[in-house]
Amino acid sequence: MKVLIGTDTYPPTVNGAAMFTERFAHALVERSHEVHLVCPSPTGVAETITDSKGVTVHRRRSVPYPFYENFRLSPIGAARCRPVVEDVGPDVIHVQDHFWLCASVTRAARALDVPFVATNHLMPENFFDHVPVPKVLRGVGSKWVWGELDRVFAGASAITSPTPKAVELLERATAFRGAIPISNGIDVARYEEAAARHHLGVGRYSSDPTILFVGRLDQEKRVNELITAFSQLPASLGARLEIVGNGSLRGAWERLAESLDVADRVVFRGFVEEDELVDAFGRADIFVMPGVAELQSIVTMEAMAAGKPVVAANAMALPHLVKPEVNGYLFTPGDSDDLASRLGLLLADPGLRDRMGAASRRIVAQHAMGVTVDKFLALYQDAIEGVRHV
């Protein structure tokens, strides 16, 4: 097939939707499909390039967005994508959001009678962390965001979101019915290999076990709760906390670690390249996701693929991944005592970590990128043949 993917967020911007879109596009090329992608330019200048994996990337003019680090957006005029759609002549289009650029893509799809599939990766709660809207107006703002999704996705052959919980939220807030949960998908084997490079047997856990967090250092991730819980752990456990990622609250959370007298055991690594990130998953002993606004959490799945037990907030879609007493624990959001207790159980028992890590691998197998690609290719074929799911 010739597939055109539209997205308003793409690397070098770092977030779950951007990373998934890039990896998914590359996976389609590996299946011998011709893939074009339209996104905001990371430099502001419109250009078309072919990336190292063979995806043709059509970068549209863009401007920096001041409230989100390293994020650029294409204003309405710059986002006009009909010429790209006409030039590419795709068999099917797949948009990853409903903002300016993707809105232009779907307008072109309807005008040119090109079938399209739409995916929603957004929660309004995450959106408003980066948009200066007073809290008292966020209810109205949320309705507006979902209303725009109704408008932009109108006419889609199929609408998807990464988890059943995400689909439930979408259908509760919009007029659409029949949306399909399809996992974002990960390269499971890559994380298994990283873990194998570091695994030296249960005895390796006897000193300096590492707790890992990966993600943006912004409010919805609640890393302050993790740091607070970490400070409550007995020093005799010898644990260290590794925090990978950047964001607006990094400085505040570094100061929190200092005030709690754990700065010597908490490492803020900032943004790291992908190979180094995979290595971090491989050498960690426990993964923690304290965020409360996760529509899926790709990094949690990556940790599971690396065979790690997971302690996660009992919120949003995280219970789809973490099965209590099987591959980890869920804790009550905001309850650092509860989080510390769960971490303490895992830190004190290397065998428990091994058993739960093995369960993580079994659970995450259904989220392999190959499974995700198969499901989307089936939806693309349905779209081309005129089969509608919504």
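Some points to look at:
- The range 12-36 - residue that is surrounded by fewer than 16 Cβ atoms within 10 Å (Cβ to Cβ) and modelled with pLDDT of 95 or more and, of those, farthest from the chain's Cα centre (by Cα): Ser32
- Boolean, Arg107 is at pLDDT 95 or above and closer than 22 Å to Trp146 by Cα: yes
- Flag if Leu339 is outside any loop (DSSP other than H, G, I, E, B) and either free of Cβ contacts under 8 Å to residues at least 40 places away in the same chain or outside the structural domain of Leu212 (by TED's automatic domain parsing) (or both): no
- Some residue of the range 37-60 being of a type in the set (A, V, I, L, M, F, W, C), buried (at least 18 other Cβ atoms within 10 Å of the Cβ), touching a strand residue (DSSP E or B) at 6+ places or on another chain (Cβ under 6 Å) and not in a strand (DSSP E or B): yes
For every residue, the table says whether it meets (1) small (Gly, Ala, Ser); (2) at pLDDT below 95.
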site	(1), (2)
Phe287	no, no
Val292	no, yes
Gln296	no, yes
Thr300	no, no
Ala313	yes, no
Pro319	no, no
Asn327	no, no
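- The residue that is surrounded by the most Cβ atoms within 10 Å (Cβ to Cβ), among those in the range 343-378 that are hydrophobic (A, V, I, L, M, F, W, C) and not in a helix (DSSP H, G or I), is Ala368.
- The lone exception for Phe281 - which of (1) surrounded by fewer than 20 Cβ atoms within 10 Å (Cβ to Cβ); (2) more than 30 Å from Pro66 (Cβ to Cβ) it fails: (1)
Results for (1) assigned by TED's automatic domain parsing to the domain that holds Ala27; (2) in contact with a Phe, Trp or Tyr (Cβ under 7 Å, 6 or more places away or on another chain), shown as yes or no for each residue.
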| site | (1), (2) |
| --- | --- |
| Ala156 | yes, yes |
| Arg172 | yes, no |
| Ala194 | no, yes |
| Arg197 | no, no |
| Gln219 | no, no |
| Leu241 | no, yes |
| Ala257 | no, no |
| Val272 | no, no |
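- Ala378 in the same structural domain as Ile180 (by TED's automatic domain parsing), of a type in the set (Gly, Ala, Ser) and more than 21 Å from Met19 (Cα to Cα): yes
- Leading residue by the ranking (surrounded by the most Cβ atoms within 10 Å (Cβ to Cβ)) among those in the range 81-124 that are acidic (Asp, Glu) and over 23 Å from Arg61 (Cα atoms): Asp91
- Among residues of the range 347-358 that are assigned by TED's automatic domain parsing to the domain that holds Ala239 and on the phi < 0 side of the Ramachandran plot, those with a Cβ under 9 angstrom from a residue that is small (Gly, Ala, Ser) and part of a helix (DSSP H, G or I), sequence gap 6+ or separate chain, pair up as Pro350/Gly203; Pro350/Ser206; Gly357/Ala195.
- Scanning the range 341-390 for residues that are of a type in the set (D, E, K, R) and under 25 Å from Asp91 (Cα atoms) yields Asp374, Lys375, Asp382, Glu385, Arg388.
- Within the range 76-100, tally of residues that are among the hydrophobic types (A, V, I, L, M, F, W, C) and either on the phi > 0 side of the Ramachandran plot or touching a Pro at 6+ places or on another chain (Cβ under 9 Å) (or both): 5
- Near pairs, Cβ below 7 angstrom, 6+ apart or cross-chain, from the range 271-294 (in contact (Cβ under 8 Å) with a residue 24 or more places away in the chain and more than 19 Å from Asp354 (Cβ to Cβ)) to any residue that is part of a helix (DSSP H, G or I) and of a type in the set (Phe, Trp, Tyr): Val278/Tyr191
- Unique match (being within 21 Å of Pro12 (Cα to Cα) and either in contact with a helix residue (DSSP H, G or I) (Cβ under 8 Å, 6 or more places away or on another chain) or surrounded by 21 or more Cβ atoms within 10 Å (Cβ to Cβ) (or both)) among Leu237, Leu260, Leu256, Leu217: Leu217
The values are calculated or read from the model by the stated rules, or taken from the named source; none is laboratory data. Just so it is clear, the model here is predicted, and its values are computed rather than measured. Please note: Cβ atoms are built from the backbone with ideal geometry, for glycine as well, and neighbour counts cover all protein chains shown.
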